[in-house]
Every structure is written in structure tokens, then in C-alpha cells.
Amino acid sequence: MIHPSGQPFLVYADAQGNITDFPELHAAGMSCGTFKLPELRDFIPLPEGSELFVLPGRLPVGCHSRTGDPLLLEDDPYSGGSIQAVAAFMSPAHTAILNSAYQTEPDAPRLPLFAYTAVGWYDDRFWTTAFRSDRDIRQDCNQFNQNEINARTARKLRENPDNRLIQHLGKCCLTYGCPAARNYFLGRWEAPLPTSPVCNARCIGCISLQASGKCSATQDRIQFVPTPSEICGVAIPHLEKASDAIVSFGQGCEGEPLLQAETIEKAIIAIRKKTDRGTINLNSNASLPGAIQRLAAAGLDSLRVSINSAQEFHHTRYYRPQNFSLSDVLESITVMKKAGGFVSLNYFILPGFTDSVKEFESLCSLLSTYQPDRIQLRNLNMDPEWYLRSIHSQEPVVSMGMSNWLAQIKEKFPQLQLGYYNPVIR
């Protein structure tokens, strides 16, 4: 991996959103409100397909070029005008080491549901504090040709006018640019099978439903429950023909798929009557162990369990579950493992919280006791300060640092897979 030969400079945006660098200060990172000078090994070139975000109502913080002390930049050093902090929203398969460093002004708007990684400028390129967490290329931007996507999607939509699920995925593909939907229409890799318009949790960072109105959802939630026949119309041809074929229930454009367990069970049985090829996966909050048992018996190959924290208090504050708890989630892991299935943790990463000593110890206890097969390292897509207030985690924390966290996880659990995507099981 390439790292810069010198410390990257602070970048900021003017009132019009124009981004420039300020070589008098080094780029800083933030970890649960603590400002840090990143090490050179923490920086990688900004991955292709990433975006730069301007952060309204937030002033950039850099580090003194000699002492490394954090310093607030309040005005444009060149024009004297107002300025805003800048963050990187990284392309898939990359995990943040530090968040963007800023000071939030009074009455600043809540940040949208994206991740905000530290970014700097050096040697004519942008650098961000992250590491590549999965070598799989299935969602790399250079794998997508928009003209081909448009043509193939239009053709499949014309060929399947009565399959509501295919029509829904067409919107996901063409309106929201969903990588999984794109890959479905390109006939490869992992295809999505959203099924549930309802949920049994009220996640504060839900990307498909934000009832408060204070933060917009990033995509529309599916409005119907597809029939087993409609699901099979997507899944069977994909599993039969696609390379490294996976089909996954549980997507960002739906609620909790386990609430449609009867429909999914019928679909899995029907799918497996037609083909034994490929992996059938479920992305879930894992709230209903009994439903997991039924689906595993029907032929579910793998389960991805989403958690923000291995500590029940913080898990509850984020998910705001209705009639389930973290103990039910853990029981679902046990059920799936006993059935011979593969289990991943979809673990939300927020530097400073994830790598806090208390969270690390709780995660290690979970891994030792329940022995999931894989951790998928997913950046938390949420305003960091809003998240920490929401889960009541605003007290000072002792942080290990994400690089050290990663090294210790690998050392303590050498059999554990680390990645970003659902793996091919068969």
C-alpha cells in the first residue's frame, strides 16, 4: 500500500464549496472528539470512486506543523471569508482509521447519513486515513460501465413487466446507483432480494426510513412484500448463471426481512428445488432466533448479523428494538452455527468508539463465546456527534487506535475472517 512521504496538509472549503489546501497546518483526524495527528502509515491515496463532502457549520481543525498540536482554522487564510471542514466518503471496501477533524458551531445542521473520514493533500493528490478491508472488486467503481448498465437494466425491465421485485430493483439501480442492483442487472456476483416494508427496530441511522424529519433517508423503502414467485424470478436465473453467485435478503431499501420469514422460507425452498448453485444469504438484525432456525432448515447458507456495539446498552440505544434484545441476536448466531451455516458480523465502525478499550473487550468476549466466522468492517454512516449523543457515549474514552485494534483482533482470533462483503460459501 502506498503512503505519503510527508505529512498531508489540511484541506478546507470556502463558502462556495471550493476546496483548497493550507500547507501551514497538517491534516488532523478525530477519534470520538479527540483530535490527533495521523501517522503517515494511516494515510492511503483517496480511493477511486470516493467523494469529498463539505461539512456545513463545522470549522476545520488541523495540526501545528512543528508541535503537532491541534489548531482551529476559523477563517479563510487567503481571503478572510468563511470556511467549512471537509471529509472523505470512501468507496466500498475501505475502513476509516480516523474521522474528519472539526469543531461544530452552534445551530449547525445534522450531517446526512454518510461516513466522514479525515482527508488531506500532499504531492498533488488527496490522502485519507483508512485501509482497504476487502480485496474483492465487486463494488469497485471501475467495474461499472453506465451505458452497459442502462442498456441491460432497460432490457430486463421490459422483459419482466409483471415482476414487481425486478421493477423495484430497476429503480434501485438507475435512481440510487445501488452497487448490488447494478451487479444483478449485469448478471454477476451478489444480487439483492429486498422483501420487507416493515421493521421491528427504529435504528437512529436507518437509511430507508427517518420518521423524525431531521435527517433525510438516503433511499426509498420497498412498499410491498414480493411473492415467492417474484423472488424466484430474480434469484434462480442469477444463481444458475452468475459468476461467484450470491443472492441476499435484507437490503438498505427495506425493513427487517425476518418479519417476512414465511415468504422467504417458501422462496428458499423453491429456489433450492431448481438449483443447488450459489449462496443464499440473509442480512438481518437477527432479532428472531426461531425464524433463523426455520430459514436455516429451508436452505439458508449464510447469515450477516448487523450490530453497532457488542455492549447491550449501546446496541439498544442505537437499534431501539421492539420486542427483542441483544441476547436474541446472539441466540440467532448460535442457532445458525448449530445448523452448519456461516455467520458474519456486519460491524459498524466509528473510530474512537469501536476501538475503545471497553468496546474491544466486549467484542472479544462475543467472538470467543459465539464464534462467528467473519467480521464485515462497515463504516458507520451517520453524523458522529449525533451518534455518540444518541447512544449516550459522550464520556471520555480510552482508545486503542484503529490500526492497533485491527492488529489485536487478527492476533487474538487468527481463524476469524475480516472483510467487507458477504463471501461466497458454495
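Each value in this text was obtained by applying a stated rule to the coordinates, not by laboratory testing. This structure is a prediction, so every number in the text was calculated from the model and none was measured. FYI the Cβ positions are ideal-geometry reconstructions off the backbone, even for glycines, and counts take in every protein chain you see.
Quick notes on this structure:
- Residue 155/residue 322 FRET efficiency (R0 35 Å; Cβ-Cβ; nearest 0.05): 0.25
- Cβ crowding within 10 Å averaged over residues, with 93-101, 52-60 ranked highest first: 93-101, 52-60
- In segment 142-419, a dipole from Cβ-located charges (positive for Lys and Arg, negative for Asp and Glu) runs towards its positive end, and of 307, 160, 419 it is 160 whose Cα lies farthest in that direction.
- Extending 7 Å from the Cα toward the beta-carbon at both residue 371 and residue 227 defines two label points whose distance is 4.3 nm.
- Each residue of segment 74-85 is assigned a 3J(HN,Hα), and the resulting list reads 9, 9, 5, x, 9, 10, x, x, 6, 9, 9, 6 Hz, derived from the Karplus form 6.51 cos²θ - 1.76 cosθ + 1.60 (θ = phi - 60°), x at Gly and Pro.
- Cα centroid separation - segment 94-108 against segment 18-44, whole Å: 11 Å
- Helix 402-412 and the long axis of the chain differ in direction by around 50°, with both axes built from C-alpha atoms.
- Using alpha-carbon coordinates, inclination of helix 289-298 to the longest axis of the chain, degrees: 60 degrees
- Label-to-label distance, nm, for residues given as residue 1 and residue 416 (7 Å Cα→Cβ offset): 1.8 nm
- Note on residue 337: lysines with a C-alpha under 29 Å away, same-chain residues under 8 apart excluded, are 241, 266, 273, 274, 358, 410, 412.
- Compared with the direct C-alpha span, the chain from residue 51 to residue 167 gains 38.9 nm at full extension, assuming 0.36 nm per residue.
- Comparing 374, 66, 221 in a Gaussian network model of the chain, where Cα atoms under 10 Å apart are tied by springs, the biggest mean-square fluctuation is seen for 66.
- Size of charge dipole - the chain - debye, nearest 20, with Cβ of Lys, Arg +1 and Asp, Glu -1, no other charges: 1720 debye
- Based on Cα contacts under 8 Å between residues 6+ apart, the chain shows a relative contact order of 14 percent.
- Residues considered: 283, 145, 308. Largest GNM mean-square fluctuation over the chain, using C-alpha springs under 10 Å, is found at 145.
- DSSP assigns beta bridges within the chain; of those with both partners inside it, close to 60 percent run antiparallel.
- Alpha-carbon gyration tensor eigenvalues x 5, square-rooted, for the chain, Å: 38, 24, 20
- Derived scalar couplings between HN and Hα for segment 197-206 equal x, 10, 9, 10, 9, 10, 4, 5, x, 4 Hz in order, rounded to whole Hz, by the Karplus curve 6.51 cos²θ - 1.76 cosθ + 1.60 (θ = phi - 60°), x for Gly and Pro.
- For residue 133, residues with placed amide H under 5 Å, excluding near neighbours: 94, 95
- If R0 equals 30 Å, the separation of the Cβ atoms of residue 386 and residue 312 corresponds to a calculated FRET efficiency of about 0.90.
- For residue 356, nonlocal amide neighbours, meaning residues 5 or more places apart or on other chains whose placed amide H falls under 5 Å from its own, are 400.
- Fraction of antiparallel bridges per DSSP, segment 10-164 only, in percent to nearest 5: 100 percent
- Remark: spin-label model distance residue 132-residue 273 equals 4.4 nm, labels positioned 7 Å along the Cα→Cβ axis.
- Under the Karplus curve 6.51 cos²θ - 1.76 cosθ + 1.60, θ = phi - 60°, whole-Hz ³J(HN,Hα) for segment 381-389, x wherever Gly or Pro sits: 8, 5, 4, x, 5, 4, 4, 5, 5
- Averaging the Cα positions of each part gives two centres, and for segment 219-259 and segment 135-203 these lie 10 Å apart.
- The sum of -39500 (n - 2.57) across all DSSP H runs of n ≥ 4, divided by the residue count of the chain, sets its helix-only mean residue ellipticity at 222 nm to -9000 deg cm²/dmol.
- Projecting the Cα atoms of 225, 26, 80 onto the charge dipole of the chain, computed from C-beta unit charges around the Cα centre, puts 225 farthest toward the positive end.
- Shape metrics for segment 176-320, restricted to C-alpha atoms - Rg then Dmax, Å: 15.3, 46
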